[in-house]
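Read-outs: derived from the displayed coordinates by stated rules, not from any lab. Since this is a predicted model, take the numbers as computed values, not measurements. Here the Cβ positions follow ideal geometry from the backbone for every residue, glycine too, while neighbour counts run over all protein chains shown.
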Amino acid sequence: MGDVHPRVLASLGRALSLELSAVQQYLFQATLAEAWGDLGAAARFRQETVEEMQHAERIVKRMLAVGVAPAASQLRPVSHAPDLVGLLQHNGSLENDLIEHYADAVRFCVLIGDADSETFFQELWNEESHHGEELAAWLTSLGAGLERELQRASH
């Protein structure tokens, strides 16, 4: 693949850390929601766990393709809340960080002319933006909202 800019490599590492943090958080929340008896929320959190794990796998494959060993630097602690709305608000913050990270990575790849990495990060940005929209809709259906925070991330 040729030389990959060190900042692109750093973006891949940070993306892996964020995605694995999301896996950990959604897995915890699926188990917690099940303990609360909210099987619908548990199922949705399990699906999110799978989707974030698929993102992590794609990042690992990309890292291997560019010749670096995958290394997530640090997982975030799981965010806890006493109710579903609180959990979803924590998730909104994590999704917002993912969206912002991918947007920054895309902008940098455009700046340095790395079209392959730009495409890679753009696809992840698109998917995380979609997750953010679904999350905002779920919160709205519960009488809460994240629109302001997620709109900020999309600009």
Expressed as a whole-number percentage, the relative contact order of the chain with C-alpha contacts under 8 angstrom and at least six residues apart is 24
What list of ³J(HN,Hα) couplings, whole Hz, do you get for segment 105-119 from phi and the Karplus terms 6.51, -1.76, 1.60, once you set θ to phi - 60° and write x for glycine and proline?
5, 4, 4, 5, 5, 4, 4, 9, x, 9, 5, 5, 5, 4, 4
Let me test this: with uniform point scatterers at the alpha carbons of the chain, what is the Debye-based log₁₀ I(q)/I(0) at q = 0.21 1/Å?
-1.31
Springs between alpha-carbon atoms under 10 Å, Gaussian network over the chain: tell me which of Glu100, Glu123, Glu51 tops the mean-square fluctuations.
Glu123
Ordered by residue, what ³J(HN,Hα) values in Hz, to whole numbers, does segment 51-61 give under the Karplus form 6.51 cos²θ - 1.76 cosθ + 1.60, where θ = phi - 60° and Gly and Pro are x?
5, 5, 5, 5, 4, 4, 5, 4, 5, 4, 4
With R₀ set to 25 angstrom, the calculated FRET efficiency between the beta-carbons of Glu57 and Thr119, to the nearest 0.05, is 0.90
Have a look at Leu98, Leu84, Leu111 and tell me which one the Gaussian network model of the chain (Cα, springs below 10 Å) gives the largest fluctuation.
Leu111
Give me the Kirkwood hydrodynamic radius of segment 22-69, using the inverse of the mean 1/r over all pairs of distinct Cα atoms, in Å to one decimal.
11.5
